[in-house]
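Have a look at this one.
The values are calculated or read from the model by the stated rules, or taken from the named source; none is laboratory data. If you're wondering where the values come from, they're calculated on a predicted model, not measured in any experiment. Every residue, glycine among them, receives a Cβ derived from its backbone with ideal geometry; neighbour counts consider all protein chains shown.
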C-alpha cells in the first residue's frame, strides 16, 4: 500500500539522520482509504493517490502551523508498506475524522521510500500565510480559508529519495 507521510524539512532532515520515518510507535500517514474513494468518486488510482497526497500536504501545513521555526515548505514522503502494517487512523481534523488518515506500525525505513514531494522556494510566502491562517480557517473564517487554499494552489515538486541530502542541506 502506498502511504504519504506529512513532514517538515526539519522532520525530513531527522529522518535522513536516523534512516527512519517514525521511531517505534505508529506513524501517521495518509492513503487511499474507502473514505477517500467516496470523497473523490473515481476509480482512477492516480486521482485517488493525488487526493491522499493532498491530504498529507494539508497535514504538513498543520505541522508548520504548530512549529513557527520550521521552514515554510510542505513536505510529504511517499512510501510503500505492507497492507498489514496499516490501520485506520484515529485523527480528527477540525472536529471531523481526518480523511485518509492511517497509522503505519513501526515506522518506515527511509531507504524503502519511493519519493519525496516538497514545495518550491517560491511557495514559501503563500505557505507561511496559510500556516498563519489555518486555525481561523478551521473555525469557519472564509477569508482565512481562501488564504489556506492559496498554499494548495502550489503543486509539490517530486524528488527522488537520492535527492534528500540536497533537500535538507546534508553533506555526506
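How many of the residues making up the range 19-29 are touching a helix residue (DSSP H, G or I) at 6+ places or on another chain (Cβ under 8 Å) and farther than 16 Å from residue 53 by Cβ?
The first filter runs over the range 19-29 and keeps only residues touching a helix residue (DSSP H, G or I) at 6+ places or on another chain (Cβ under 8 Å), leaving 19-21, 28-29.
Pick out the ones that are also farther than 16 Å from residue 53 by Cβ and you get 19-20.
The number of residues fulfilling the criteria is 2.
A further question follows. Can you tell me which residue is surrounded by the most Cβ atoms within 10 Å (Cβ to Cβ) among those in the range 40-58 that are closer than 23 Å to residue 111 by Cβ and under 8 Å from the mean Cα position of the chain (by Cα)?
First, pick out the residues of the range 40-58 that are closer than 23 Å to residue 111 by Cβ: 49, 52-53, 56.
Keeping just the survivors that are under 8 Å from the mean Cα position of the chain (by Cα) gives 53, 56.
Values: 53: 21, 56: 28.
It comes out as 56.
Could we say that residue 21 is over 29 Å from residue 136 (Cβ atoms), in contact with a strand residue (DSSP E or B) (Cβ under 6 Å, 6 or more places away or on another chain) and either modelled with pLDDT of 95 or more or crowded, with 21+ Cβ neighbours inside 10 Å (or both) here? Steps first, answer last, please.
Numbers: over 29 Å from residue 136 (Cβ atoms): yes; in contact with a strand residue (DSSP E or B) (Cβ under 6 Å, 6 or more places away or on another chain): yes; either modelled with pLDDT of 95 or more or crowded, with 21+ Cβ neighbours inside 10 Å (or both): yes.
Answer is yes for this residue.
Kindly indicate which of 148, 116 is assigned to a helix (DSSP H, G or I), touching a residue at least 40 places away in the same chain (Cβ under 8 Å) and surrounded by 19 or more Cβ atoms within 10 Å (Cβ to Cβ).
Numbers: 116 fails: assigned to a helix (DSSP H, G or I).
Sole residue among the options that is assigned to a helix (DSSP H, G or I), touching a residue at least 40 places away in the same chain (Cβ under 8 Å) and surrounded by 19 or more Cβ atoms within 10 Å (Cβ to Cβ): 148.
From the list 35, 70, which one is in contact with a helix residue (DSSP H, G or I) (Cβ under 7 Å, 6 or more places away or on another chain) and either more than 14 Å from residue 5 (Cβ to Cβ) or in a strand (DSSP E or B) (or both)?
Working: 35 fails: in contact with a helix residue (DSSP H, G or I) (Cβ under 7 Å, 6 or more places away or on another chain).
Only one candidate passes the filter, namely 70.
State whether the residues of the range 82-92 include one that is part of a loop (DSSP other than H, G, I, E, B), touching a residue at least 40 places away in the same chain (Cβ under 8 Å) and either touching a strand residue (DSSP E or B) at 6+ places or on another chain (Cβ under 6 Å) or surrounded by 13 or more Cβ atoms within 10 Å (Cβ to Cβ) (or both).
yes
Something else: Please identify the pairs in which a residue from the range 43-56 that is within 19 Å of residue 101 (Cβ to Cβ) has its Cβ atom under 8 Å from the Cβ atom of a residue that is surrounded by fewer than 14 Cβ atoms within 10 Å (Cβ to Cβ), counting only partners at least 6 apart or on another chain.
From the range 43-56, the pairs are 48/42.
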